[in-house]
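The values are calculated or read from the model by the stated rules, or taken from the named source; none is laboratory data. Everything numeric in this text was worked out from a predicted model, so none of it was measured. Cβ placement follows ideal geometry from the backbone for every residue including glycine, while neighbour counts extend to all protein chains displayed.
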Amino acid sequence: MKMGMLWYDDDPKADLRTKVHRAAEYYQKKYGVRPNLCYVHPSMLAQERMQFNEIEIRTNRRVLRNHLWLGLLELGDPAPTF
């Protein structure tokens, strides 16, 4: 993913699944397509990768805490492990 949407969500009452769902809903309304890839800071996810419905969640130290970077998996991106 080279381009995507950066989403900030610091709601302490919401879990990561809820935050990703909120961001994906907005992304779909804005761009007309559902994202299938989301990068988060490693502190937000206990493992390196995870799958929420059709969205693969990956960690990346370049993404700030409480931010989600959503977009579409592109050719050349590392293959999903799920």
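Only residues that are surrounded by 11 or more Cβ atoms within 10 Å (Cβ to Cβ) and free of Cβ contacts under 8 Å to residues at least 40 places away in the same chain were counted across the range 12-42, and they come to 17.
With a cut-off of at least 1 residues that are modelled with pLDDT of 95 or more, in contact with a strand residue (DSSP E or B) (Cβ under 8 Å, 6 or more places away or on another chain) and within 19 Å of Glu74 (Cα to Cα), name the strands (runs of 3 or more DSSP E) lying wholly within the range 7-63. Talk me through it step by step, then tell me what you get.
Values: elements: 37-40, 49-52, 55-59.
Once the strands (runs of 3 or more DSSP E) in the range 7-63 are filtered for at least 1 residues that are modelled with pLDDT of 95 or more, in contact with a strand residue (DSSP E or B) (Cβ under 8 Å, 6 or more places away or on another chain) and within 19 Å of Glu74 (Cα to Cα), what remains is 37-40, 55-59.
Could you count how many residues in the range 5-47 are on the phi < 0 side of the Ramachandran plot and either in contact with a Pro (Cβ under 8 Å, 6 or more places away or on another chain) or small (Gly, Ala, Ser) (or both)? Qualifying residue count for the region: 8.
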